[in-house]
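The values are calculated or read from the model by the stated rules, or taken from the named source; none is laboratory data. None of the values given here were measured: they were computed from a predicted structure. When we count neighbours, we look across all protein chains shown, and the Cβ atoms used for this are built from the backbone with ideal geometry, even at glycine.
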Amino acid sequence: MKKIVFDQVCKSYEKKQVVKDLNMKIKAGERLILLGPSGCGKSTTLRMIAGLEDITSGDLYMGGRRVNDVESGNRNVSMVFQNYALYPHMTVRQNIEYALKVNKYPEKEIVERINEAVRMLDLVGLEDRKPRELSGGQRQRVALARAIVKRADYFLLDEPLSNLDAQLRAHARKELVRIHEQYHQTMIYVTHDQTEAMTVGQKIALMDKGKLQAFDTPKNIYHKPANVFTAKFIGSPPMNVIEATYDDEKLFIDGKKMRVPSAWRKVIRKQGKVYFGIRPEDVRLRKKENAKEYSLKAVIRYVEDYGDKYGVYFQINSTEMLAVCEGEVPMPGESVYFEPNFDKVHFFDGESTENLGYPKEE
């Protein structure tokens with residue numbers, strides 16, 4: 001029973017509410033990513049799980065037990081802080097083994113756990129150094145090792161890889177997943193990095209301004225975003241999301257009209273303002289008009305070279321969008337036809353910004 005349940009949880013500092021009516025169920029043994037921009041409430045949410053922040057209202061359950069008033073030390077959690085939080089007077093080995101010594105683990109098991117963590121996080125040869133003798137990245141790895149050896153039921157990580165270089169970060173991500181698959185702790189991982197979220201998480205909780213915006217698998221969050229915020233936040237480069245008007249079975253983008261396929265008409269239904277979304281990699285730009293009613297004339301404004309692909313910025317009147325293209329690309333000033341792949345588009349409500357859904361498969 002290692003599941004975590006948030007029931008209408010709120011957190012405020014005086015008059016400022018930083019987490020608002022959070023309802024979320026994290027399965028036992030799941031890898032959950034708390035994702036979102038700075039100040040969205042993700043680290044505060046993690047600290048409430050750890051018992052380092054009081055809950056203003058609502059209830060938090062861990063393993064079926066209400067823990068609002070349970071001390072951090074009695075929650076069986078291990079945590080990796082963004083600022084390392086190492087003991088400066090202790091060596092690397094002493095920092096890693098401290099919790100095991102306090103809890104009186106057998107010496108043989110302590111040695112085995114430490115050796116495994118040291119190898120895993122590339123700390124071999126650094127065991128007798130003090131934190132002041134290590135780089136920032138090395139200190140972060142010591143903090144990770146210290147949390148790993150504890151093998152607590154709940155493994156909490158707050159931006160754990162932020163001080164590692166790109167190559168070591170990729171290696172550490174794989175190792176964290178391997179550790180989880182070996183010990184099956186309930187892992188809660190805070191990050192603002194989409195790549196970490198998509199590669200590490202089994203579930204993603206996307207937050208903004210203290211509210212939960214999406215709670216789903218990485219695949220669903222990417223391919224079926226719950227709302228406009230999710231659509232824009234997930235993906236690199238981000239999804240094109242533009243304001244449009246739906247009227248008489250047609251979509252009007254900045255004054256230009258395009259027919260909407262019948263399957264989508266059953267989804268949109270309501271006339272008026274909508275948000276139309278399409279990812280840059282799903283945009284088709286043609287030099288000649290191919291599907292007259294289902295395309296719009298556009299002008300190329302700027303081209304970026306990504307190495308293996310090109311980012312092509314184009315305008316429909318004054319509305320700018322981005323396409324990611326391969327091979328030959330049009331040049332700035334050239335006229336093209338924007339032809340969306342309607343199997344890959346998204347429509348969002350003009351008022352609530354919630355996803356309107358998708359056509360049913362025939």
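Observations on the structure shown:
- Residue in region 348-359 that is without any contact (Cβ under 8 Å) to a residue 24 or more places away in the chain and either not small (Gly, Ala, Ser) or not in a loop (DSSP other than H, G, I, E, B) (or both) present: no
- Every residue from region 311-347 that is in contact (Cβ under 8 Å) with a residue 60 or more places away in the chain, surrounded by 18 or more Cβ atoms within 10 Å (Cβ to Cβ) and aromatic (Phe, Trp, Tyr): Phe347
- The sole residue among Asp153, Asp128 that is acidic (Asp, Glu), in contact with a strand residue (DSSP E or B) (Cβ under 8 Å, 6 or more places away or on another chain), assigned by TED's automatic domain parsing to the domain that holds Ile26 and at pLDDT 90 or above is Asp153.
- Tallying residues that are under 20 Å from the mean Cα position of the chain (by Cα) and within 20 Å of Ala28 (Cα to Cα) within region 143-174 yields 5.
- Residue in region 15-35 that is assigned by TED's automatic domain parsing to the domain that holds Thr195, surrounded by fewer than 22 Cβ atoms within 10 Å (Cβ to Cβ) and among the β-branched types (Val, Ile, Thr) present: yes
- Scope region 118-135; condition without any contact (Cβ under 8 Å) to a residue 40 or more places away in the chain and either assigned to a helix (DSSP H, G or I) or not aliphatic (A, V, I, L, M) (or both); matching residues: Val118, Arg119, Gly125, Glu127, Asp128, Arg129, Glu133, Ser135
- Lys292 falls short of the stated requirement of being closer than 25 Å to Thr230 by Cβ, modelled with pLDDT under 95 and charged (D, E, K, R).
- Any hit, region 61-69, residues being within 32 Å of the chain's Cα centre (by Cα), modelled with pLDDT of 95 or more and under 25 Å from Glu159 (Cβ atoms): yes
- When the criteria are applied in full, Ala231 fails the requirement of being more than 23 Å from Leu35 (Cα to Cα) and of a type outside the set (D, E, K, R).
- In a residue-by-residue description of region 252-271, the property of being in contact (Cβ under 8 Å) with a residue 60 or more places away in the chain, surrounded by 14 or more Cβ atoms within 10 Å (Cβ to Cβ), among the acidic types (Asp, Glu) and not in a loop (DSSP other than H, G, I, E, B) applies to no position.
- Residue in region 272-282 that is in a loop (DSSP other than H, G, I, E, B), among the acidic types (Asp, Glu) and modelled with pLDDT under 95 present: no
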